[in-house]
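The values are calculated or read from the model by the stated rules, or taken from the named source; none is laboratory data. All of these numbers come straight from a predicted model, not from anything done at the bench. Here the Cβ positions follow ideal geometry from the backbone for every residue, glycine too, while neighbour counts run over all protein chains shown.
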Amino acid sequence: MNGAQATMGGKEGYQRICEWLQIRSGITYQEKKKLLLVQRMQRVCETCGISGIDALADLIESNNNQDIQLKVLHAATTNHTYFFREPQVLDFFRDTILPTLPYNSGRIWSAAASTGNEAYTLAMIAAQTRGRDWAKNNLTILGTDISEVVIAHAEAGIYNASHVDQIPQSVLNGYFDPVGMGQYRVQDDLRRLCTFRRLNLKVSPYPFNKRFHAVFCRNVLYYFDREHQKDIVEAIYDVTEPGGWLLTSVTESLRDLETRWVPVQSGVYRKVP
Ligand SMILES: C[S@@+](CC[C@H](N)C(=O)[O-])C[C@H]1O[C@@H](n2cnc3c(N)ncnc32)[C@H](O)[C@@H]1O
């Protein structure tokens, strides 16, 4: 199959894939992103030996090939992330949230964890702020994502030089081990306090026994239409401790959504204590 065939044949298939993505994951692909999605789906076709986008749409709709469905979900999502992203939100976490976490059981959820950079960043900030022993013994961080591929990467905790080149040298030396080929692995004790699981934010209520003190849900809400954004932040509210926190990206405001979250500052919301 060549790219032109897939694009030409992909008109109807494209629409069906868009609808399937919307139903399964809540991700909305706007018309202006069509070329991007077509290219991503072409790549799935090429790697899986599928003849074109219509055939791919048939396969995912037939609902009996979970492997292809997961590949489509992974290819459709943007996993871009990096360590210490958006310092103003992280500063709030360090200065206001961390000091108030209960001494012996702080629970944090990185709700669209991608390759784990956010979860490990939070572990490092906690180790810097309340001490490494406190973090190791009293803090748990759950990272979840819809994509199994990124979850496997997060669990391994190994990053290329390009992922870590923005990190200050002291942090790199203190929390990563070089593992050859220019790669670095997050040190064992920090990896142990982070757990990663697959979870679709669109499917609620969320299956947790214990509530979280802080939930990071950053750079993912813009995938969803307003109705789903509201459902997600409300479902997060239900699994957050009273007085707990929701951290979004500073560019993702909940202002227009009718939610129970109380705005605190840009990217920071609080559950009524
Ligand atoms: C741009 S990354 C953001 C990563 C990190 N939170 C950050 O801010 O750097 C968005 C992540 O959301 C995940 N995602 C997209 N739709 C999702 C859904 N329905 N449920 C869970 N995760 C989803 C993607 O797989 C991707 O890894």
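Between A111, A126, A76, which is within 15 Å of the ligand (Cβ to nearest atom) and at pLDDT 95 or above?
The conditions single out A111.
Take the residues of segment 129-150 that are more than 23 Å from L73 (Cβ to Cβ) and crowded, with 22+ Cβ neighbours inside 10 Å: which is farthest from the ligand (Cβ to nearest atom)?
Filtering first and then ranking leaves A135.
For segment 175-209, which positions are charged (D, E, K, R) and within 14 Å of the ligand (Cβ to nearest atom)?
Once the filter is applied, which keeps residues that are charged (D, E, K, R) and within 14 Å of the ligand (Cβ to nearest atom), segment 175-209 yields R197, R198, K202.
Considering every residue within segment 44-60, establish whether at least one is away from the ligand (no atom under 16 Å from the Cβ), in contact with a Ser or Thr (Cβ under 9 Å, 6 or more places away or on another chain) and under 27 Å from E227 (Cα atoms).
no
Kindly establish whether K202 is assigned to a loop (DSSP other than H, G, I, E, B), modelled with pLDDT under 95 and under 21 Å from the mean Cα position of the chain (by Cα).
So K202 fits the description; yes.
Of the conditions (1) loosely packed, with under 14 Cβ neighbours inside 10 Å; (2) in contact with a Ser or Thr (Cβ under 6 Å, 6 or more places away or on another chain); (3) at pLDDT 95 or above, A235 fails just one. Which one is it?
(1)
Run down Y175, Y184, Y223 and say which single residue is of a type in the set (S, T, Y) and within 15 Å of the chain's Cα centre (by Cα).
Being of a type in the set (S, T, Y) and within 15 Å of the chain's Cα centre (by Cα) holds for just one of Y175, Y184, Y223, which is Y223.
Given the conditions (1) among the polar types (S, T, N, Q); (2) within 30 Å of R218 (Cα to Cα); (3) out of contact with any Ser or Thr (no Cβ under 8 Å at 6 or more places or on another chain), and given that N79 satisfies all but one, which numbered condition is not satisfied?
Against the list (1) among the polar types (S, T, N, Q); (2) within 30 Å of R218 (Cα to Cα); (3) out of contact with any Ser or Thr (no Cβ under 8 Å at 6 or more places or on another chain), N79 comes up short only on (3).
Please verify whether V215 is part of a strand (DSSP E or B), free of Cβ contacts under 8 Å to residues at least 24 places away in the same chain and β-branched (V, I, T), treating the condition exactly as stated.
Against the criterion (part of a strand (DSSP E or B), free of Cβ contacts under 8 Å to residues at least 24 places away in the same chain and β-branched (V, I, T)), V215 does not qualify.
Could you tell me whether G244 is surrounded by 20 or more Cβ atoms within 10 Å (Cβ to Cβ) and more than 16 Å from the ligand (Cβ to nearest atom)?
In short, yes.
Residue-by-condition table, conditions (1) surrounded by 14 or more Cβ atoms within 10 Å (Cβ to Cβ); (2) more than 26 Å from A235 (Cα to Cα); (3) modelled with pLDDT under 90:
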position	(1), (2), (3)
V44	yes, yes, no
L56	yes, yes, no
N64	no, yes, yes
Q88	no, no, no
D91	no, no, no
P99	no, no, no
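Pull up segment 1-36, narrow it to residues that are at pLDDT 55 or above and among the charged types (D, E, K, R), then point me to the one that is nearest to the chain's Cα centre (by Cα).
R24
Out of curiosity, is T195 surrounded by fewer than 22 Cβ atoms within 10 Å (Cβ to Cβ), touching a Leu at 6+ places or on another chain (Cβ under 8 Å), of a type outside the set (A, V, I, L, M, F, W, C) and farther than 22 Å from L21 by Cβ?
Taking the combined requirement at face value, the residue satisfies it.
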